[in-house]
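> Please see the structure below; I have some questions.
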Amino acid sequence: MGQRMATGVQLVGKPKARLGKRLAPYLLTLPGGLWLLLFFLIPILFMASVSLQTGSLEQGFQLTWHVGRYWEVLRQYHVQFVRSLIYGSVATGITLLVAYPVAYWIAFHGGKHKTTFLFLLLLPFFVSFVIRTLAWQFILADDGLVLGTLKRWHLLPHSFHVLATSAAVISGIAYNFLPFMALPLYVAIERIDRRVVEAAHDLYAGRSQVFTRVIFPLSVPGVFAGILLTFVPAVGDYVNASILGGTKTTMIGNIVQLEFLQNFHYPVAAALSFLLMAVLLIGIFLYAKVLGTRSIQEYV
Amino acid sequence: MNDQPDPARRPIDPALLRGLTQRRYSRRDMLRFAGYGVGSAGLAAFLAACGVKGSAPKASPTKPGASPSAIDFTKYYGDGKPAGTLNFANWEDYIDVDSKGNSPSLQAFTKQTGIKVNYKTVINDNDPFLAKIIPVLQAGQDTGYDLIVITNGGGIERMIALGFLTPLDHKFLPNWEANADPKTKNPNYDPGNVYTVAWQSGFTGIGYNSKVVKTPPTSFKDLLDPTYKGKVGMFANDQDLPCPALNAMGFDIDKSTSDQWKTAADAVSKARDDGIVRKFYDQSYIDALENGDIVLTQAWSGDIFIASAPKSFGGDGFPEMKFVFPQEGPIYWHDNMAIPLHAQHPVDAITYMNYVYDPKVAAEMADFIWYVTPVPGAQSVVLNDLKDPTVANSPLIFPSAQDLLQAKQYKVFKDSAEKDEWDSVWQPVYSS
């Protein structure tokens, strides 16, 4: 009796398992897919539709396929647009220069305290983004902790200031996005097979040659991911510009915020967001093309 | 010394207080507010429109400027009996607070009327707050607030034009009728006070650090002078920068033409490009002034009073900070109480509106808030009953008729086309 039942289950079970097997990948991607649909695809389609609407808050907005809006917003805000791309690029460059040696040192010389060092690197970032930026505002105040002291010792002219300059905004962005660069770099460098490095030494490569011809090329996936993770949010950032900036440091994120929340020009804000996204996506595709998509897949 | 108020009146960090007093959301609120987390009011409108429908009836908004006699108030106020709850949305530091963090005037209100007040300091800025509630109102739902405080010069006009405010039945407002400052009655942005009554007012003038700036400034034009190059602050909004600039150049704010706007905007842009203006600020100008980042700036009267008052008195302890009314006149603005459409407890809200126009209550609040109360009768109460001559005699809190003579109002826009043109001139100045 027991055996018959068991075989029965087996007989029925086999095709079922096959069906499950075929469905499994779809079922497994379902949560992610739904997530993308709900929180990315629908909002983005909605935003695209808003960007092509005309009207005002009072009269309501109608979809009129006003494609000219994209040209209008670009003409009106191209300065802030280009500025954001420049600030984002420079800040990303700085994070790369700062984070690479740190990640390299932790990966190769961190010894058994690697995790501790990584934790120390991340420690400041447990504090909220805005609070950290406000702290810089306090530290770098004209008569504050640093500049005030240097001015009292007559090491700096009295009119010298850091806040309210492009440099302050770029440094703020670089500081705030450092972990996004440092972590992928660390992961990539840490994964490098030490025997390859030893082999390079055995083959009479100098220290700089080992770095330029072996270590750096092997860490490129980390560099790629780090730049991607830093550059994209850096370009869209508006907190640093509004807290650390002055005149002529407005970024595109500030403009989107202004158009959305102060002027209630939803279509303008939507068009700007869309343009920014398009520019970033095109940039990333070009960038991936140059560095080779293989390296992304390798990394992922 | 004993006529000074209790030094422990403002002991709690406002930020902490805000954290402690955030509105607790009901489950229905959670659904409704879920959309905002994404930071997109438009998306919220979309979600609200297709997702979450409220139970509030879709009342047709009253046309702006409708005469009060034509309004059927029973539609809004029912039988005129309070429901016992008031959800009040206000700004930070904008009500009297005792050492325990409670508001004596709110407690007295509850005691007197039996209405429990959920007081929430959720408004940090007019437009972003309105950006949150407007999509809800567009979906025909209750915002969760029965009483809101919104500044004139854009926000309150927008709400009136959209028809998103409940008209006020003046039979509930005898105290207002009797005690309100005539200068705040019948304002240009709400003729006949159909939708609003003033909460507090203030001045946009000039603040400076008298330790550095030895000759007191007299006009907005002094901010364009290179003497304090790089140490000058201005406001970054569509009223507080343009109106004083136009006014200083002798243009009538309300009747000014777009050519005059450009003239004034060019003068400010030049000062910016010459490096005279350090930054166009939001509320953070006051920190910059106290830090020494700026020494001469556009300022709001109450902020400078708080900055200059001694710490023992509840101020920030910077006696060198001074405020001047520019000779061309300050800008006199008003924060207004209003009841959003579809509010659940409109009778409670209007009962409270009337309550704060009792001179005793107004005095109690004025003695803490330090902006301009709309109840002139409060001055003698502050002086004689509360024994606080510093506040009672300050022209920043109880301005003289002379001070008000020169005062100008924010620009009221004819239509959104005029506003857009105004923005196209001024916005590039302050968000360069």
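Derivation of every value follows stated rules applied to the coordinates shown; laboratory data play no part. Values in this document were obtained by computation on a predicted structure and should not be read as measured data. Cβ placement follows ideal geometry from the backbone for every residue including glycine, while neighbour counts extend to all protein chains displayed.
> With a point put 7 Å past each Cα toward its Cβ, work out how far B:D72 is from B:K214 in nm, to one decimal.
Each label point lies 7 Å from its Cα, and together they span 7.2 nm.
> Between A:I284 and B:K270, with labels modelled 7 Å along Cα→Cβ, what's the label distance in nm to one decimal, could you check?
4.7
> In addition: Average the reciprocal distances over every distinct pair of alpha-carbons in region B:84-215, invert the result, and give the Kirkwood radius in Å.
Numbers: mean 1/r = 0.0584 Å⁻¹.
Taking every pair of different Cα atoms in region B:84-215, averaging 1/r and inverting gives 17.1 Å.
> Please identify the trypsin sites (Lys or Arg not before Pro) of region B:295-381 that satisfy two criteria: DSSP loop assignment and at most 15 other Cβ atoms within 10 Å. Which are they? Write down the numbers at each step before the final one.
Details: sites: B:K311, B:K322, B:K360; in loops: none.
Of the trypsin sites (Lys or Arg not before Pro), not one in the loops of region B:295-381 has a Cβ with at most 15 other Cβ atoms within 10 Å.
> Within 10 Å of each Cβ in peptide A:137-145, how many partner chain Cβ atoms are there on average? Round it to a whole number, please. Each step should come with its number before you reach the end.
Numbers: counts 5, 2, 0, 1, 6, 9, 3, 3, 0.
Across A:137-145, the average partner-chain Cβ count within 10 Å equals 3.
> I've got another one for you. Sort A:D143, B:D169 so that the residue with the fewest other Cβ atoms within 10 Å of its own Cβ comes first and the one with the most comes last. Write out the running numbers ahead of the final one.
Numbers: A:D143 14, B:D169 17.
Listing A:D143, B:D169 from fewest to most nearby Cβ atoms yields A:D143, B:D169.
> Could you tell me the ratio Rg/Rh of region B:80-150? Both radii from Cα atoms, Rh via Kirkwood. Could the numbers behind the result be given before it?
Numbers: Rg = 13.7 Å, Rh = 13.5 Å.
Over the Cα atoms of region B:80-150, Rg/Rh equals 1.02.
> Enumerate the amide H contacts of B:Q200 below 5 Å, restricted to partners 5 or more residues apart or on another chain; note that Pro and chain-start residues carry no placed amide H.
Long-range HN contacts for B:Q200: B:D335.
> Follow-up question, since we're still on this one. What number in nm² do you get for region A:69-299 if you take the convex hull of its Cα atoms and divide its surface by four? Please list the in-between numbers first.
Working: hull surface 65.0 nm².
With the hull built on Cα positions only, its mean projection is 16.2 nm².
> In Å and whole numbers, how far do the C-alpha atoms of the protein assembly as shown stretch along each principal axis, longest first?
Each principal axis gives a Cα extent; for the protein assembly as shown these are 92, 87, 55 Å.
> Per-residue Cβ counts within 10 Å, from other chains only, averaged over A:261-268: what number is that? Walk me through the numbers on the way to the answer.
Details: counts 10, 13, 8, 8, 2, 5, 1, 0.
Mean partner shielding for this stretch: 6.
> Estimate the FRET efficiency between A:D143 and A:T115 by the formula 1/(1 + (r/R0)^6), using the beta-carbon distance for r and 35 Å for R0, to the nearest 0.05. Walk me through the numbers on the way to the answer.
On the way: r = 41 Å, r/R0 = 1.16.
According to the calculation, E is roughly 0.30.
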